[in-house]
Amino acid sequence: MSLRRSQEESRDVSSAKPAIVAVGLGNAVQWYDFALYGAFATIIGPLFFPTADRSTVMLAAFAAYGTALIIRPVGALLFGRMADLRGRRAVFVPVILLMAGATAAVGFLPSYAAIGILAPVTLILLRAVQGLAAGGELGVAGVLLLERAPSHRRGELASWHTSTLALGLGFGMAVASLLLLIQSWAPLQSGWWRLAFILALPLGLVGGLVRRRVSERSQFLAMRQAGQVITRPIPSLWANDRLGLIRSFALIAAGSVAFNTFFIFMPNQLAATAKLNLVPTLAISAAMLGVTAAAAVALGRLSDVIGRRPVAIWSSVSLAVLAGPMAVLGTRSQLGLLIAQLIIGIALAGVLLVAMVGELFPTRFDQPECR
């Protein structure tokens, strides 16, 4: 009996692997773009927001960056509803192509000197499109992993969502570091930075092909055929499970703010204020994101053993207590940045516990046909 159960569990884990790969490619494209934009903000700013005041340029550049973050909830609602009605696969492929297309389009976009006000306006619109796609990607990808993970390995397998998110961000920083290294003989201002954005297109196409092979869950197909798919999950959740919705929003919001502050804004801030070379600063961030990726899987597995709540609570408390001191430390030196990102990255791995968010809701919303 135990041998049969072991074989079934092994088969369940194996069936989740294609979904992990597909989710990982989406995270790679999404956070690759965020990392590139953050790394090249000092170059993108003057090209699309020309002004004599450097501070104003940087504010404008990061305001455009923030457009994607603001629009993400809209994308989550839009594509999440589509996934509920048409299935995960109907959304899973288009969102990665949309993300890759918007990212690559930034690489082809003419500067302010060439097309005037259309340059910054188009850049902001492209960031909005990327935000819409990213919002749909985050929710659908997390649910896809949870649906395919066996109950005793949910924490570990679902944590690959957070892990590949960190790896995608680190990959973008590594590419940016490489291009910054070659600027001595081929200045980035001449257009090398654009190649990094254009690279998202083949990444997205490969991701789209991989995702086409991820099949729809039979439970959802049966429910849709029987006309039993829930068509208004958000109003029902708000009416009956408001507390779970608020808790999940708080966890994701805290994680998102900390991620963008410590791994996107802080490296640029340190390089600008301390007049340090951005290459080693980005390299440090990429390395610490690798640690965060490993910590996500480890803490996900730990949550399968001791429960979600202890991991999430201790990680949340650590983030709340240490975020302030680490923010100060991280903007003083590269060593301080390393320490801050190491500590906050591990805490974030526990805060962004995908299985915890999914299990905040009752069973009727935890089933593949209802989420």
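The values are calculated or read from the model by the stated rules, or taken from the named source; none is laboratory data. Here the structure is a predicted model, which is why all the values come from computation and not from measurement. We place every Cβ from the backbone using ideal geometry, glycine too, and count neighbours over all the protein chains shown. Side chains included, ligands, DNA and RNA excluded: accessible areas come from the protein's heavy atoms. Shrake-Rupley method; radii C 1.70, N 1.55, O 1.52, S 1.80 Å.
Go through region 332-369 and report how many residues are more than 15 Å from residue 142 (Cβ to Cβ), at pLDDT below 85 and buried (at least 17 other Cβ atoms within 10 Å of the Cβ).
Residues that pass the stated criteria total 1.
Select from region 58-69 the residues that are farther than 21 Å from residue 139 by Cβ, free of Cβ contacts under 8 Å to residues at least 60 places away in the same chain and open to solvent by 10 Å² or more (accessible area, probe 1.4 Å) and write down the one among them that is farthest from the chain's Cα centre (by Cα).
Restricting attention to region 58-69, the residues satisfying the condition of being farther than 21 Å from residue 139 by Cβ are 58-65.
Within this subset, residues satisfying the condition of being free of Cβ contacts under 8 Å to residues at least 60 places away in the same chain are 59, 61, 63.
Subsequent filtering for residues that are open to solvent by 10 Å² or more (accessible area, probe 1.4 Å) retains 59, 63.
On the way: 59: 23, 63: 18 Å.
Taking the candidates together, the pick is 59.
Restricting attention to region 306-313, does a residue exist that is over 22 Å from residue 150 (Cα atoms) and either among the hydroxyl-bearing types (Ser, Thr, Tyr) or open to solvent by 30 Å² or more (accessible area, probe 1.4 Å) (or both)?
Of region 306-313, the ones over 22 Å from residue 150 (Cα atoms) are 313.
After this cut, where a residue has to be either among the hydroxyl-bearing types (Ser, Thr, Tyr) or open to solvent by 30 Å² or more (accessible area, probe 1.4 Å) (or both) as well, the list is 313.
Within region 306-313, one or more residues are over 22 Å from residue 150 (Cα atoms) and either among the hydroxyl-bearing types (Ser, Thr, Tyr) or open to solvent by 30 Å² or more (accessible area, probe 1.4 Å) (or both).
Looking at region 26-45, is at least one residue without any contact (Cβ under 8 Å) to a residue 24 or more places away in the chain and open to solvent by 20 Å² or more (accessible area, probe 1.4 Å)? Walk me through how you get there before you give the answer.
Step one: filter region 26-45 for residues without any contact (Cβ under 8 Å) to a residue 24 or more places away in the chain, giving 45.
Imposing the further condition that a residue be open to solvent by 20 Å² or more (accessible area, probe 1.4 Å) reduces the set to none.
Looking for residues that are without any contact (Cβ under 8 Å) to a residue 24 or more places away in the chain and open to solvent by 20 Å² or more (accessible area, probe 1.4 Å), one finds none in region 26-45, hence no.
Tally time: how many residues in region 259-273 are over 10 Å from residue 337 (Cβ atoms) and open to solvent by 10 Å² or more (accessible area, probe 1.4 Å)?
6
Is it fair to say residue 324 is touching a residue at least 12 places away in the same chain (Cβ under 8 Å), open to solvent by less than 50 Å² (accessible area, probe 1.4 Å) and either under 22 Å from residue 66 (Cα atoms) or in contact with a Phe, Trp or Tyr (Cβ under 6 Å, 6 or more places away or on another chain) (or both)?
Details: touching a residue at least 12 places away in the same chain (Cβ under 8 Å): no; open to solvent by less than 50 Å² (accessible area, probe 1.4 Å): yes; either under 22 Å from residue 66 (Cα atoms) or in contact with a Phe, Trp or Tyr (Cβ under 6 Å, 6 or more places away or on another chain) (or both): yes.
It is false that residue 324 is touching a residue at least 12 places away in the same chain (Cβ under 8 Å), open to solvent by less than 50 Å² (accessible area, probe 1.4 Å) and either under 22 Å from residue 66 (Cα atoms) or in contact with a Phe, Trp or Tyr (Cβ under 6 Å, 6 or more places away or on another chain) (or both).
Only helices (runs of 4 or more DSSP H) wholly contained in region 199-284 count here; list those with 1 or more residues that are at pLDDT 70 or above. Reasoning before the result, please.
On the way: elements: 200-211, 218-225, 233-240, 242-260, 266-273.
Filter on region 199-284 gives 200-211, 233-240, 242-260, 266-273.
In region 284-305, which residues are surrounded by fewer than 20 Cβ atoms within 10 Å (Cβ to Cβ) and of a type in the set (Gly, Ala, Ser)?
287, 290, 294, 298
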